[in-house]
Each structure stands twice: as structure tokens, then as C-alpha cells.
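Notes follow the structure.
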Amino acid sequence: MAERSFAREVEDLRLGAGDVFRGEGILAVTKALLQSGVGYVAGYQGAPISHLMDVLADAQGILGELGVHFESSASEAAAAATLAASVMYPIRGAVTWKSTAGTNVASDALSNLASGGVTGGAVIVIGEDYGEGSSIMQERTHAFAMKSQIWLLDPRPNLESIVSLTEQAFELSEASNTPVMLEVRIRACHVHGSFIAKDNRKPTLSLAEAIENPVRDTGRIVLPPASFVHEQEKIKTRLPAALAFIRARGLNETMPGDIAELGIVLQGGMYNSVMRALKLLGLADVWGATRIALHVLNVTYPLVDDELIAFCAGKQAVLVVEEGQPEFIEQALNTILRRADIQTRIHGKGVLPMAGEYTALVLIEGIRGFIAAAMPGLLAEMHPGPDPRAQLASPAVQSLAPVVPPRPPSFCTGCPERPIFSAMTLVQNELGPHHIAADIGCHLFSINPPFNLGTTTMGYGLGPSSAAAFQVKAKKRTISVMGDGGFWHNGLLNGVGNAVFNKHDGVVVVVDNHYSAATGGQDILSSRATNAARSTQHPIEDAVRGVGAKWVRRIDRTYDVATMRDTLHEALTTAEPGPKIIIASSECMLNRQRRERPLFNAAVKRGERQVKPRFGVDEDICTGDHACIRLSGCPSLSVKDSGDPLKQDPIATIDNSCVGCGNCGEVSEAAVLCPSFYRADIVHNPTQWDLLKARLRRAVIGFLQRRRDTGRLVLA
Amino acid sequence: MNTHPDRQGIDRPITIAIMAMGGQGGGVLADWIVALAEHGGWVAQTTSVPGVAQRTGATIYYVELIRPQQRNSRPVLSLMPVPGDVDIVIAAELMEAGRAIQRGLISPDKTTLIASSHRSLAVVEKASPGDGRADSAAVLHTAGATALRFIHADMQSMAEAQGSVISAALFGALAGSGTLPFPREAFEDTIRAAGVGVNPSLRAFAAGHATVGSPEPQAAAAAAILAPARPPPPIPATMQGGSAAERAELARALHRVAADFPAEAAPMLHAGLRRLVDYQSIAYAHAYLDRIAPFAAIDSTPGHELTLEAARHIAVAMSYDDVIRVADLKTRGARFARVRSDVLATQDHLVETTEFMHPRVQEICATLPARLGLYVETSPRLCGVLKRLFEHPRRIRTTTLHGFIPLYILASLKPWRPRLLRHQRETAHIDIWLALAGAQSDQRLATELIKCRRLIKGYSDTHSRGQSKFDKVISALPLLAGRGDAADWIRRLRDAALADEAGVMLDGALRTVATL
């Protein structure tokens, strides 16, 4: 584990009735789970829900007191399968992951879970990674909910609504024997707000009590004929029960408006943006009053027909605000109104874009378009709303287009993955370009400058499998990459096992940075650290050999660029059959520095001898060709004016954020670049022996230097 | 619902967008603003989309603040900035300020832009073989023209000088801007309450605060951007060291510069003399002037550009980087002092320096007397032996005697340099190059050919690649013979050669030239 502490956040989980909780949306969900008497929580880390996992991983004390079992699942599939505990037993369970990536992985278990149904409340906290800041393919979880018949909650993005919906999700699940998804968008996960806490509740039936008194009912097992019965149950029993619950609890909200002719039906998650758009158009205020009535779907699946009919009836036109595609809700609403013979005109994707995030600016345009079509007389009463288009088209702003450089994410200062791709670049310089199958993880930043390596990415741990078709006789081999996170998630079987079984000939690079670094440093099977709550230190090397890989090389210091390069070279050229597995292993520098820097500083403060390496560039030796940067891209390695009129191009420089990883020196050595780089080992609290040696050396070196300096003719 | 015009902070929230790069502490700044507002009894909401952008990418934090009307009233706040409706934009880096403008977050009627004018270069800017740095002045101009108020200074240096981080200086500038209805003490109390690095943060806060209202830091930052520091060498020059005879010869060289060369070229010629006296000898420096003299004699280019560029590029060509030069530079006392200051070592620290060298057979042969070098170079057997003996990475600790002394001895080979293989090769190349330039009746073309020398830089493979690009550009000359725009084509080819390492642009440009 990266040894980050979430102690403060854990304290927030202890808040009792009446206390004010202040914090992030996803932590509010975490607290709400405990307030709901959840019996177990599982999940797979990933933005934007990582903090739920991280905080619970640090909250063993509270979890122990409440009797809550917490698992860091091997994958979302494992997490989803965990909900099986709620099938037969009245125990509430929650799982979480990033969606739709995680939902894809989990879908087998989810389908089975949804088929048999649940007894205890089963809630799936979905971090909906759609729109700006997302790191995955742009899709909706909505389709999954519909196809498996899992209820989908989409709360208004404020902490009170999110917490209230989380609690009621369990009740809805129990009332309708159906798992429930709680969809929380990226910004809502990260929003800072507050709510009034309640006491945490212990589960009514403990997991131990359940397994000591097992219960079974073959009617809940997904096998014919029960599976056919499930399909009928879903429609005949569970759906009506859910609709009744949603109606009774008023989970969907209607906000009245004085303009009787119009209305807006919106996903709960869109509420704040719609309100801001209405406010900027002069149709709402910041305290929640609106002139156009809103019907807020905090439950986006299933839709409650009669509520929608009641809202739409009597209105001339209703706008559906539904982010993402296709327009499931809009289509459904049209059908509902058609069946009820209600003539209200439905607008939706006609005035709003079919795809992409609904920002306030997009919504302003859409709402204006809706009003222009449905009630043009109202336009005169409205504010124009902000419109930066003219300004953005101005020559002054346009002149910035070629100036402002893109700044895609990249490897951090000192990242141990950088030298892997430096080495890969060097090998390609020698052996020509190769097909490189990339994977999910920080290593995917190799596709960006300066490396520009990698062709496809097909899913977590699927790098090697995505090169499967190319395992044919050819003059070149494929290179595929995956991280340790991807390896344990999927890659061991679908990547390495598949490659061994199908006698692949390609090269597989497993980037092992000692834990799941990209998602925040969570432990996995091969983590190097000991973890009291988990079993770690299971080497990746043992695993790949265990599934039959023969050509396996482990490099325990990726910064050794020459070895990295030579190993890749060997893997690409060896006559040995079968997949060539390279395990490139060094700890994530971001997390390592978070852990080590305070320790280092404390040791220096105590007066202990400590050595801090960092790199530098001799400015009079650097010629400003920037070859080093093209093989590195390190944030601490930059360029500056040479200050010498003879050198026109800027020269390389290393700033004080350098962590002394050694990549610069190793690359300039391996690529035979230039002798400008030096490593400076800064010795804090030197010993007497250090000082004596230094004094002697300085005497001799200083003498020689002065001797040469006096003879040297200098024009100043 | 209210019908009167919006009052900021009452009917509409104060909206703040923070543009930062991952790892810059944009989140800390956002949290401070929230704590400040909540402590003042306001409702605050912040959100962000860090995602993968936390790995050095551009990222944005968004804050809204509003004063509650009555107890328990709950505002509906936005989770993202609305272009055209942002009151304050804080940019933790100059290009991020530019990005905020491009996103429409800066409105002339509304937005106070507080930006740090320092640059953190993007990879594409750094990786260019030439100078790929973005034009800071363009952002500065546009920001000034686009924002209602534009407050900027190098907040990064300001914070570093106080041992703190940029968020503290930006927080200070925010307080100083007066855009938030909280007193300075409330800001400072927020930093104190956060309890991390309080005193340095308060000093950086004060420095940031002082940038607002006092024109100096802003003017200094603007001046640094608009006129990058390229100090002309001071004239008159002073001499140190060497023998009396050497100093007399140097005086004569300075006199030659004054008497025989245009005044516009004097600073560059001084720089050249300084470099070559240091590189080899005063006699070598005179040879340098001899090489420029023919160009100066005929120079009728505006601003004596031909002489000026000859002075620049001949100096660089004549001071080619060989192992003797590298050994000399690495072993100097001044260099030891510079390393200590570059790595911020104090008196209490010892600094040990390790150099990364990778001598190749080519370099070894080049450092042998010319005939011997050639003989070895053409003997595969000897090359093989040398390769086995010497050609592997060497880490030389120059702060130890057994690391320092071999380099010191290598540097002492300087007097023999003119007889070595490398020197003969470089000299031959310079002669061909200058003869080619000198043969042109078109002085603009001659100037452009002189400037092509910029392509040759770096060591080993990089150097060879530069050389081959140089050769390719020069190879277009016959195709351009007699054309009035030959100079422009050579300039275009050179710019293309500097655009990418592999020379893709150059090859394309050469194909175009072939069709002329």
C-alpha cells in the first residue's frame, strides 16, 4: 500500500445523529452505507469512487465495531458476485466501481443477481465516468440497468439528496427484491458539501449468523426452469413493487412553476446544471424557485408512468433533459404519453445534443431552443444568458489557438514507467517500429508525447489478448503492455494464460509498480508491503510461471534503461517459442515520495546522515538539441534560455522537483546522448569521516583548479 | 422569485475557477477558499474533475460562494463553470490562463483574472529540436485585453523564495484583489487553521497580496516575458589571467573588432572571442576573426546580419564539443560552485557529483593524432579491441580524486587539439561551409547558409543526425541556383529541419523544392 492515510476521513464516518458532515460526495455515500446498516461492502477502485474504497480500507476499527465485512475485490466481477450474500439472507450489501468500464466486467454476475433477485438490500454504487475528466469510453450505465432490470437511481447532486437516496436504495431493493444502482457522476463524487448525519447502524443479521444457519431455495438459482420464472417475476412482481415504493416515498420530485404551458423532465443528476441554465435565462433563482415546472427523476429506471402522465398532462410541451445516448427516457416518455393519448409535445434530443456532456452552456442553448419552439412569446421575458461565442471568435482569442500547447496527462516526475518506454523507443530505433498493444493504467500515457507509443487499448488487463490475432509467422513480434493492476484483474488468465495456451510468440511487458498505483496506491496480490488485513507479496513472476510461461525476465529496477532495452531486444529476437514475459518492476514514485519524503525530512531534522540524489545539466555542455527530452518527458526536465548569445536554442535544465530517479543519466548513457547530465548526491548531516574525506579531496582538487584558472586567459 | 437585478453573493453566487496542473495544489487552494467562506458564514461548494489529469495534465477546480438568506435556506449551486459567468479565474501557470481564455471563462465585463506568469513547459514545447516554447507575450496581451482585471506576477518564484507553494501566493493575490468580501485576516486565519507549513505560507501569502496594487512585481514579470533576458556582453571588456603576451594579443583582437567590423556585430564578436579564447587560445581567436573578416568586408545586409550570424555560428563551429572540452568544463572550480548552487546545497551539505559518460570508438579515434586516428578507425581489429576496452558506460565521480584527475589530465590535452583527427575534420567542414557561403553573390542567401549551422548540435547520434540534416538542406542549393527567393527556401528548409527529430518535415520540404 502506498501508506496514504485517510484517518481524518475515517473520523467523519463516526459522526452521529445531528452532527454536520462536511466533505466529498463519495464520502457522503460511504457514510450513508454505514447509516443504512450495511453488512458488507466490496468493490474495485477507480476514479471517481476510489475514496469510498480507500476510506473503508482504513476504517477497520469502525467496520469491526459495526460488524461490517469489507473487501477490496480482485475485479468488478468479483465485487458484483459478492452481492450473492443478499440473495438468500436479509443482509444489506453494497459494491462499487467506475462505470461503464466496471459494469462491463461485472455484468455476468449482475445478470445472474438480477435474475434470481435479492432478499437483503443490494446496492451498486456507480461512479458514472461520463464527460469532462473521464478516463474511459463514453457510455451510459442506463442500458445495463434496463437490460438486466436493475433499478437506477440518479440523485440530485447535493449531499443531502445523495445520502437520502443511498439509504432508500436499500429499502427499494428489499421492497422489490431487485438490486439497485446508485449512479453518481464525477463532479458529484468530488463535490464538497454537507449534510446532517445519523447514527451508524449495525446490520440486523450478521454474516456469521447467516453462514452458521444456511438457507437455500433452488427457486433463486439461475437454472431452468427457475430462470424462466425469474423473467416473469421481474415484470409481474418486482416491477410493480418497485413502482409502488417509488410512488409512496416520492423519490421523484416535482418543482412547480408559474408557466403552466411548459415543463422539464430531467435526470436527477442534471438538476443543478438545469437550474443554473434556467437562472441565467431569468427563469429560476439560485434558491431553487423556478418558473418552468420540473419533474426530477431521481429514479431514472424504472419510469413511473402515472407520475409522468400527471406532470405532462395539460402542458403544451415538455423538455426531456437526458445526458448521453441513446435517448432512452425520451423514447419511453413518448411511448407513455402516446399510450395515454396525451398530446403534450415532447422535446429532447431535437434541441439538445444527442451525445456529450450537458454543460450549463449546452443546456442554455437547448432550453432556449425548446422555448423558441414551444412558447416563443416567453423569449422576450427571458435574459439573454451568457454567450461567449462572439468573444471566442474574436481575433485576440483566436490568436491563442496556435500558442497554448495541449497538456495531456503524462508520467510523473521520477515515474518508473518512463524508462520502460525510453528503452522501448531505443529498441525501436534499432529494430524498427512494432505493433504495440497498450492497456489501461498510467502506462497508457505512452501514447502521448514524447513517446507516442501504443496502438490500441481494449480493456483492463487485455493488452496481450488484444494482440492475439497477430500471433502469426512474421518478421516482427508484437509488444503488449499491462500493469500489475490489470494483470491481477484480468491479465493473468486472459493475457498470459491465453498467450501460453495459444502458443503466442509476442512480448508481454508487465509494469509492476508495487500496488495499484493509478487508482491511488491500493494493495493487490503482488504488493511488496505487508498489510495486516490482506495477503500480499505474491510475485507476478510465480503466477506467470504457474500458468506455464517459460521465457520470463524480471527487472527489479526499471531505471536501468540499458538492461531494460537489452531485455526487450532479446525478447523481440530470441528463438525461444512461446510468449516472452518481461516483468518491469519499480515502485510508483508519486506514492513512494508521499511516503518517504516526510521520513527523510524527519531523519535530517534528527541529525542523521541522509543522502538525497538529484540530477542536473551542465549548461555550458548542453547544446540545446533536446534529444534527452524526447526520450523522457519528465516534468522536472525542462528547457530555459541559455543566456549565451552563441546558443540560440534553449538548453535543458532540471528543476528542484527532481527526485533523483536516475532516468536522465541512464537514458543519456544508454542512448549515448551527451555528457551534460550529472547526478549530485547531497549529503545531509555528513559524518566526521565524510567531512575529512571531503576536506582532503577539496585540497587537492582545489589546488589543481586554481592552478589551471590562473593560467587561463579570460575575456570578461 | 427575485425580479430585481442580481446582487453578487446574494442573488447569484460568486463563481471562481482555478486552472492548475496536476500536482500544483489547485485542490488545496480550492479547499482554502471553501474554509474561508464557511468560516465567514457563507455557503461554499467546490468540485473538480481530477481523474487522470492529476498526473501533470491540465485540470480545473470550481468554487461557488453565496451568503445564505435565512437559516436552512439551501442554494442550488453549479458543479461546473459557465463560460461567460465566472467572476474570478485563478491560473496557476501562464498557459493555463490562456486555456481559461480559450474556454471562454474570462469575460471582459466580469472576470478578474489572477495568474502566475511563470511557465511550466508542456512536453511538446520542450521536445522540439529547435525552440518550441509558446509565445508568452501573446497570452499576456490577450489576457490584458480580455479580462476585466488582470493581476499577474511570477507567483511560483515568489512562493519558492518563501519556501512555500504557489497556492499560498495565489491565495494572497486573491485576498489582495478585493474580489471576495472577507478581510485579509480571515484569509490568513484560514492558512493558520490548515496548519501545514504555516509561516512560509503566510510569507508567500503576503508576497502574493503585495502584487496587487503595487505595479512593480507585475511590471517585472511582464518585462521578463516581453523582453527575454539575453544580456549583451558588457563593453568595454576586461581581461584576466594569461601571460602578458597573451593579454596583448587579446587587446589586439579587441582592437580588430572595433576597427574592422561593424559596430552592430561587436557584442556577438565579443561573445565569440570570449568562447574561443576559453576554448583554445588567443591565436585561435584571431583565426576566428580572420574567418569572419571576408564576410564583414562585403556585408551590405540590413543590420549587418551577415557579419553578426557569421560571428555567432563560426564561434560555435570552431568550439565544437569534444572530449577535451567536456573534461575541461567538468573539472572547473566555477562549475563545482555552480552545481552546488543549482542543487540548492547549503554550507551544511556535502555534494558528490557523478558524470555519465559513454565514450565510443569514434570519440577515441577522434582524440588521437590525425594519422593515427585514421589508421585505427579503418582497422576493424583495432576498433574491436578499443570497443571491448573502452566502449561502455562510465560513471565518473568528479568530486573524488580518481574521478577528477583523469578528466583533469584529459583537459590538459588542449594544446594538442589542432593536431587531432576531430579538429582536422571539423576544420575541413567549416572551410567547405564558409566557402559555399562566401561564393554566393546573394548576401541574403549567404546569411541563410551561415545560419544553417544551427542544425549541427548535440553529441554522437544526435550530432550525426544534425550533420545529415545540414547536408540535406545544403544539398538543395543547386536546385535553387539563380532564384531570387533562394534565401527564403533555405530558411524554410532549416525551419523544417528544426521542427521534428526524424526530419519528416524536412523531407517534405525538400520534395517541394525538387518540384520548383
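The values are calculated or read from the model by the stated rules, or taken from the named source; none is laboratory data. Quantities reported herein were computed from a predicted structural model and do not represent experimental measurements. With ideal geometry, Cβ positions are generated from the backbone for all residues, glycine too; neighbour counts draw on all protein chains shown.
Among the residues of the stretch A:1-47, which ones are among the charged types (D, E, K, R), surrounded by fewer than 23 Cβ atoms within 10 Å (Cβ to Cβ) and in contact (Cβ under 8 Å) with a residue 60 or more places away in the chain?
We begin by selecting, within the stretch A:1-47, every residue among the charged types (D, E, K, R); these are A:3-4, A:8-9, A:11-12, A:14, A:19, A:22, A:24, A:31.
Now restrict to residues that are surrounded by fewer than 23 Cβ atoms within 10 Å (Cβ to Cβ): A:3-4, A:8-9, A:11-12, A:14, A:19, A:22.
The answer is A:GLU3, A:ARG4, A:ARG14, A:ASP19, A:ARG22.
Does the stretch A:92-147 hold any residues that are among the small types (Gly, Ala, Ser) and part of a loop (DSSP other than H, G, I, E, B), and which are they?
A:GLY117, A:GLY120, A:GLY121, A:GLY131, A:GLY133, A:SER134, A:SER135
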Looking across the stretch A:629-686 at residues that are part of a loop (DSSP other than H, G, I, E, B), in contact with a Gly (Cβ under 6 Å, 6 or more places away or on another chain) and more than 7 Å from chain B (Cβ to nearest Cβ), the single one that is surrounded by the most Cβ atoms within 10 Å (Cβ to Cβ) is A:CYS661
Taking the stretch B:410-452 and keeping only residues that are in contact (Cβ under 8 Å) with a residue 60 or more places away in the chain, farther than 18 Å from B:SER281 by Cα and within 13 Å of chain A (Cβ to nearest Cβ), one is left with B:ILE450, B:LYS451
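Can you find a residue that is more than 20 Å from B:ALA327 (Cα to Cα), surrounded by fewer than 22 Cβ atoms within 10 Å (Cβ to Cβ) and more than 7 Å from every other protein chain (Cβ to nearest Cβ) anywhere in the stretch A:696-716? Walk me through how you get there before you give the answer.
The first filter runs over the stretch A:696-716 and keeps only residues more than 20 Å from B:ALA327 (Cα to Cα), leaving A:696, A:715-716.
Next, from what is left, pick out any that are surrounded by fewer than 22 Cβ atoms within 10 Å (Cβ to Cβ): A:696, A:716.
Checking which are more than 7 Å from every other protein chain (Cβ to nearest Cβ) leaves us with A:696.
Yes.
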In the stretch B:353-366, is there at least one residue being over 27 Å from B:VAL277 (Cα atoms), more than 32 Å from the chain's Cα centre (by Cα) and at pLDDT below 90? no
Hey, any hits in the stretch A:330-350 for a residue that's assigned to a helix (DSSP H, G or I), among the basic types (Lys, Arg) and closer than 30 Å to A:ASP129 by Cβ?
no
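Taking helices (runs of 4 or more DSSP H) that do not extend beyond the stretch B:279-353, which have at least 1 residues that are within 30 Å of A:PHE677 (Cα to Cα) and more than 11 Å from chain A (Cβ to nearest Cβ)?
On the way: elements: B:282-298, B:305-318, B:323-330, B:333-342.
Counting at least 1 such residues, we get B:282-298, B:305-318, B:323-330.
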- Query: Out of all the residues in the stretch B:197-209, is one or more within 12 Å of chain A (Cβ to nearest Cβ), out of contact with any Lys or Arg (no Cβ under 8 Å at 6 or more places or on another chain), closer than 25 Å to B:GLY57 by Cβ and at pLDDT below 95?
  - Reply: no
Among helices (runs of 4 or more DSSP H) entirely within the stretch A:166-272, at least 1 residues that are closer than 24 Å to A:LEU308 by Cα occur in A:239-249
Here the residues within the stretch A:571-603 that are among the acidic types (Asp, Glu) and touching a Phe, Trp or Tyr at 6+ places or on another chain (Cβ under 7 Å) are A:GLU576
Among (1) away from every other protein chain (no Cβ under 12 Å); (2) in contact with a helix residue (DSSP H, G or I) (Cβ under 9 Å, 6 or more places away or on another chain); (3) touching a residue at least 40 places away in the same chain (Cβ under 8 Å), A:ALA293 falls short only on (3)
Scanning the stretch B:137-175 for residues that are away from every other protein chain (no Cβ under 12 Å), part of a helix (DSSP H, G or I) and small (Gly, Ala, Ser) gives B:ALA159, B:ALA161, B:SER167, B:ALA168, B:ALA169, B:GLY172, B:ALA173, B:ALA175
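What helices (runs of 4 or more DSSP H), lying completely within the stretch B:376-484, carry at least 1 residues that are out of contact with any helix residue (DSSP H, G or I) (no Cβ under 9 Å at 6 or more places or on another chain)?
Values: elements: B:380-390, B:401-411, B:421-438, B:443-451, B:460-475, B:477-480.
Hits in the stretch B:376-484: B:380-390, B:401-411, B:421-438, B:460-475, B:477-480.
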- Query: Can you spot a residue in the stretch A:347-361 that is in contact with a Leu (Cβ under 6 Å, 6 or more places away or on another chain) and more than 8 Å from every other protein chain (Cβ to nearest Cβ)?
  - Reply: yes
Going through the stretch B:151-181 in order, the residues found to be in contact with a helix residue (DSSP H, G or I) (Cβ under 8 Å, 6 or more places away or on another chain) and surrounded by fewer than 20 Cβ atoms within 10 Å (Cβ to Cβ) are B:ALA161, B:GLY163
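Given the criterion under 30 Å from A:ARG291 (Cβ atoms) and out of contact with any His (no Cβ under 7 Å at 6 or more places or on another chain), identify the matching residue among A:GLY219, A:GLY250. Spell out the reasoning first.
Details: A:GLY219 fails: under 30 Å from A:ARG291 (Cβ atoms).
Every option except A:GLY250 fails the conditions.
Which ones in the stretch A:429-446 are in a helix (DSSP H, G or I) and surrounded by fewer than 17 Cβ atoms within 10 Å (Cβ to Cβ)?
So in the stretch A:429-446, the residues in a helix (DSSP H, G or I) come out as A:429-431, A:442-446.
Passing the criteria: A:ASN429, A:GLU430, A:LEU431.
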The correct count of residues that are closer than 14 Å to A:LEU262 by Cβ and surrounded by fewer than 23 Cβ atoms within 10 Å (Cβ to Cβ) in the stretch A:283-294 is 3
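Looking for something free of Cβ contacts under 8 Å to residues at least 60 places away in the same chain, within 19 Å of B:LEU276 (Cβ to Cβ) and surrounded by fewer than 21 Cβ atoms within 10 Å (Cβ to Cβ) - is there at least one such residue anywhere in the stretch B:306-323?
First pass over the stretch B:306-323, keeping only residues free of Cβ contacts under 8 Å to residues at least 60 places away in the same chain: B:307-308, B:311-312, B:315, B:319.
Right, trim to within 19 Å of B:LEU276 (Cβ to Cβ) and you get B:307-308, B:311-312, B:315, B:319.
Keeping just the survivors that are surrounded by fewer than 21 Cβ atoms within 10 Å (Cβ to Cβ) gives B:319.
Looking for residues that are free of Cβ contacts under 8 Å to residues at least 60 places away in the same chain, within 19 Å of B:LEU276 (Cβ to Cβ) and surrounded by fewer than 21 Cβ atoms within 10 Å (Cβ to Cβ), one finds at least one in the stretch B:306-323, hence yes.
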Checking B:ASP299, B:ASP342 in turn, the sole residue that is out of contact with any strand residue (DSSP E or B) (no Cβ under 7 Å at 6 or more places or on another chain) and not aliphatic (A, V, I, L, M) turns out to be B:ASP299
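Is it true that B:PRO68 is surrounded by fewer than 24 Cβ atoms within 10 Å (Cβ to Cβ), touching a residue at least 24 places away in the same chain (Cβ under 8 Å), within 8 Å of chain A (Cβ to nearest Cβ) and more than 30 Å from A:ARG630 (Cα to Cα)?
Judged against the criteria, B:PRO68 is not a match.
If we keep just the residues of the stretch B:21-47 that are modelled with pLDDT of 85 or more and either polar (S, T, N, Q) or part of a strand (DSSP E or B) (or both), which is nearest to B:GLU96 (Cα to Cα)?
Residues of the stretch B:21-47 modelled with pLDDT of 85 or more: B:21, B:26-47.
Restricting the remaining residues to those that are either polar (S, T, N, Q) or part of a strand (DSSP E or B) (or both) gives B:21, B:43-47.
Values: B:MET21: 8, B:VAL43: 28, B:ALA44: 24, B:GLN45: 22, B:THR46: 19, B:THR47: 18 Å.
It comes out as B:MET21.
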Note to self: I'd like to know if the stretch A:380-393 contains one or more residues that are of a type in the set (A, V, I, L, M) and buried (at least 19 other Cβ atoms within 10 Å of the Cβ).
What the structure shows: no
For B:ARG192, state whether it is surrounded by fewer than 22 Cβ atoms within 10 Å (Cβ to Cβ), within 29 Å of the chain's Cα centre (by Cα) and at pLDDT 95 or above.
-> no
Conditions (1) at pLDDT below 95; (2) more than 18 Å from A:ASP439 (Cβ to Cβ) -> A:HIS514 fails only (2)
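Using the structure shown, decide if A:ASP556 is assigned by TED's automatic domain parsing to the domain that holds A:VAL659 and under 26 Å from A:VAL659 (Cα atoms).
Values: assigned by TED's automatic domain parsing to the domain that holds A:VAL659: no; under 26 Å from A:VAL659 (Cα atoms): yes.
No: the conditions fail for A:ASP556.
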Here the residues within the stretch A:643-660 that are farther than 20 Å from A:GLY624 by Cα and hydrophobic (A, V, I, L, M, F, W, C) are A:VAL659
